Structures are given as C-alpha cells and as structure tokens.
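Worksheet: the structure to be examined is printed underneath.
The values are calculated or read from the model by the stated rules, or taken from the named source; none is laboratory data. Remember, predicted model here, so these are calculated numbers, not experimental data. Note that we place each Cβ from the backbone using ideal geometry, even for glycine, and neighbour counts take in every protein chain shown.
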Amino acid sequence: MKYSKNKINVIQEILDKTEQEVENMEPVNVLVAGKTGVGKSTLINHIFREKLADTGIGKPVTKHLRKITKPGIPVSLYDTRGLELEQSIQKQVKKEIFELIDQNENTSEAIHVAYYCIQASSSRIEDIELDLISDVANKIPVILVLTQAIGKPAEEFRQYLDNMNLPIAAIQTVLAEPYEISEDFTLPAFGLKELVGKTLDLIPKDIKRAFTNAQQADIERKAKEARRWATRYVASSFGVGFIPIPFSDASVLVPMQITLLAHITAIFGISLDKSTIVTIVAAVGGTGSATYLGKTIVANAFKFIPGAGTVVGGLISGTTASIITSALALSYIEVLSVISAKDKAGESIDLSLIENLMKKQFKKNLKLNRKELKEKDLEFEEDSDLNEALTEYNQDKQQKEPNIPFYKKVVPLLKKTVRIYKEKK
C-alpha cells in the first residue's frame, strides 16, 4: 500500500515525538545484587522490556559490577558478580557497591533502588549478606527479592526474614516465569506486578515515568497511567476556552492528536515501527494528508456519537472534540495493551488484525460518554475491557488461521496417550 508524503509526515512526527519523549526521561537506576545462580537474569528479563539481561549492552564499571543498558529503554541496571565466592572477594564487591552509590549520589546516575535477590528454596542467608543488605539499606531503599518462591518453604523463609526486622523497604516473593510441576499442571508466574508497585512507591516522582516505560510486568498499570494523562490532556485542550471550529478546519485537531498518541506510546514503551503506526492511524483516519486525516476522524466519529448530528456544514464543539479525542486515546491504549501483551508473550502481531481491532474499539468507544470512558476497566481479568480487546484479537486470529485437519489434531493426542501408557507399564 502506498501512502502520501503528508501521511508519512504525520506518522514520522508521531515516531519522532515518541522518541524525543523517551530521550527526555531521566533513567531509573537499579542495583541488582545477589549470588550467581539465584535468578537475577531471569528476574531482569521478565520485569523489564526486550529481555534486557540478554539483549542489553553490559559494560563493566568495576571488576565485579557491570552496567546494563539498551537504547530506547530508560533504565540502567547495575549487576553484581562474585558474592558467591570467597570472603575476601565478597568484601571487595561490597566496597565497589558502596563506591558506586556514594560517587553517583545527587547525580543523574544516582542509584534509586536495590533488589537483593535470594533463592527462596535455599532457606538460608549468610551473615555477610545480612551485613551487606543492612549497610546498603542505610544509603538507598532495598527490596529483598525471594526468587523461585515455590511452596510452603518459600513462605516460611519470607516470614523468617520478616521477623528479623532488617532495615529494608520491602520483601517480595517472586516466581518470574511459569514453573511446570507436571504435564498436567504448571504453576503460573507471580509477584512481578507487586515488585513493580513496591518499586514505584520507593523511587523519586520524576523517575516514575521512566520505570513505567521500562517495565513490562504490569501492562494494566501502563494503560491506567496513559488514560490518566490522556484525560488531563483532553480536558486542558478542549475544555473552557475552546472555540468551536468548522468541519472544514478539522485538521487543527491533528497536532493535538499527534501529541496525544506520541505521549501514550512513550508511556507504554513498546517499539512501534512506521508500518504499525500507519496501520493503527489508517484504521480511524484513512491514508490521506493531515487535513484529510483530521476530517476523516471527525466524519467517522460523527456516525457513532449519540446526538452529534450531521457533520456537513456543522461546527465541532469542545464537547464533541473531547469525545472524539478521548475515544481515540482509549482505543489506542487498548490496542497498545494487546500489542504489549503479545510482545511480553514473545508472539508476533498481525497488522491486519490490529487495524481491525482499532476500528472496532474506536467505534465502540465513540458511543460512550466521558464518564464511561474514564471508568472503563483496564484490566486483563475476566469481564474487563482489556481482556475483551485481547479476546477480540485472539478470536479474529483463530478465524483467519486455516483449519487444522482432524488427523493432525488427533495424532499428537494418540502419541501422548501411548507414551503415558508405556511409562505406567
């Protein structure tokens, strides 16, 4: 499909504004400490976007500390090595950690929070670790993260540590990825959302946006933050003082909507390429110039807004502009939530299905009033609005995929049955 130069300029402006917003975020700096093998990399890969421990650039800053960063993700992670080795090396690691904290204090590289990771199944913590945790906690907030926290022993260990009254900010049990108990039962991952929430409670206010962007564990939190910002932005743009405009001047709404979409994209922090943005915008505004885009969005909206009347020769009031832009924002948030969920699961997205989903959500949201838009349930739980959007996408995907022949469904089941029978014998 070919797009006009003006259309590409609109798309490029969204991408450029998004990139600029992320670049303007002051990065959040996190110390991730703990012995080798406790699951630090697994934790990092599941709490932050793009498998940061594997794909990020690891740069040594001292003999036992390395800094992990990646362009476009506003977070710097400091990973420790050597805490499992002999006591003299442990003391050196401790010295390097304190130098890192002290040297960067009151700078843009100040450490905001520390995760000290202990494998929950070990049910033990050494004195040198307790000393390190206590000393670090006197300088920066420390969250004790109990990794691979499976079963009653993990909870008993958590209670044991809690009763020690360490000078830490919080303790969080975590299972970063699903754990297969048997062929019939897999323990789902847990604890990451709670870790995200506790971290946001501890870091400075001006760093929270960067952490929200960088984390992937709590997509609903991104959606709710995006809606809060969009609600304030729409109110300030189309509230008291907004002068009604003729339909012929609908293009004046486009710069506001570009800013809106760019800011929401920056909150979500997903890497959208030009084709994805084109697909989403085309779903509600066609593929013409900025002028055509503004008119098309408004014209499409007038078909579904209750009581909006006819668009031809009419005026676009502040209320109508507010409903259109709010519906656009919420539909975009819902679609980005689905894309984020698919990215998190390691699944590719189908752009034709994303375009269809954006059309459906925009049409649906235009029929809601401002209060209903504010109160939509942005969760992935059953009967919630994000789950409804995700289900819509998955159902469309199933309908699009070719039917699997019956024998291809049955043969794997027969093979599994035979294998289980042989194992029992």
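Residues that are exposed (fewer than 14 other Cβ atoms within 10 Å of the Cβ) and farther than 27 Å from Asn9 by Cα are absent from the range 208-219.
Among the residues of the range 80-114, those identified as surrounded by 14 or more Cβ atoms within 10 Å (Cβ to Cβ) and small (Gly, Ala, Ser) are Gly82, Ala110, Ala114. So in the range 351-382, with the set limited to residues that are in contact (Cβ under 8 Å) with a residue 40 or more places away in the chain and among the acidic types (Asp, Glu), which one is farthest from Thr231 (Cα to Cα)? Checking each candidate, the answer is Glu355.
Take the residues of the range 27-44 that are among the polar types (S, T, N, Q) and outside any helix (DSSP H, G or I): which is nearest to the chain's Cα centre (by Cα)? The extreme case among them is Asn29. Among (1) buried (at least 18 other Cβ atoms within 10 Å of the Cβ); (2) under 22 Å from Lys208 (Cβ atoms), there is one condition Gly72 misses while meeting the rest; what is its number? Of (1) buried (at least 18 other Cβ atoms within 10 Å of the Cβ); (2) under 22 Å from Lys208 (Cβ atoms), only one is false for Gly72: (1).
Condition first: over 14 Å from Ala389 (Cβ atoms) and among the β-branched types (Val, Ile, Thr). Now tell me which residues in the range 336-358 satisfy that. Talk me through it step by step, then tell me what you get.
We begin by selecting, within the range 336-358, every residue over 14 Å from Ala389 (Cβ atoms); these are 343-348, 350-352.
Those that are over 14 Å from Ala389 (Cβ atoms) and among the β-branched types (Val, Ile, Thr): none in the range 336-358.
Would you check if Phe238 is outside the structural domain of Asn45 (by TED's automatic domain parsing) and modelled with pLDDT under 95? Taking the combined requirement at face value, the residue satisfies it. Every residue in the range 143-159 that is on the phi < 0 side of the Ramachandran plot and in contact (Cβ under 8 Å) with a residue 24 or more places away in the chain, please. The answer is Ile143, Leu144, Val145, Leu146, Thr147, Ala149, Ile150, Pro153, Ala154, Glu156, Phe157, Arg158.
Across the range 374-401, the number of residues qualifying as modelled with pLDDT of 85 or more, crowded, with 18+ Cβ neighbours inside 10 Å and among the basic types (Lys, Arg) comes to 0.
Going through (1) outside any helix (DSSP H, G or I); (2) modelled with pLDDT of 95 or more one by one, Ile207 falls short only on (1).
Gly269 meets the conditions (1) buried (at least 21 other Cβ atoms within 10 Å of the Cβ); (2) modelled with pLDDT under 90 in every case but one. The failed one is (2). Scanning the range 45-86 for residues that are assigned to a loop (DSSP other than H, G, I, E, B), of a type in the set (Lys, Arg) and without any contact (Cβ under 8 Å) to a residue 40 or more places away in the chain yields one hit, Lys63. Can you name the condition, by its number, that Glu21 falls short on among (1) out of contact with any helix residue (DSSP H, G or I) (no Cβ under 8 Å at 6 or more places or on another chain); (2) charged (D, E, K, R); (3) over 21 Å from Ala120 (Cβ atoms)? Answer for Glu21: the failing condition is (1). Just one of the listed residues (Pro246, Pro204) is farther than 20 Å from His46 by Cα and over 23 Å from the mean Cα position of the chain (by Cα), namely Pro246. When Glu177 is tested against (1) charged (D, E, K, R); (2) in the same structural domain as Thr36 (by TED's automatic domain parsing); (3) not in a loop (DSSP other than H, G, I, E, B), exactly one condition is not met: (3). Please list, ordered by first then second residue, the pairs with beta carbon atoms under 7 Å, 6 or more apart or interchain, first in the range 126-142 and outside the structural domain of Leu161 (by TED's automatic domain parsing) and more than 16 Å from Gln87 (Cβ to Cβ), second surrounded by fewer than 15 Cβ atoms within 10 Å (Cβ to Cβ) and modelled with pLDDT of 95 or more. Nothing qualifies. Exactly one residue out of Glu99, Glu19 is not hydrophobic (A, V, I, L, M, F, W, C) and not assigned by TED's automatic domain parsing to the domain that holds Ala176: that is Glu19.
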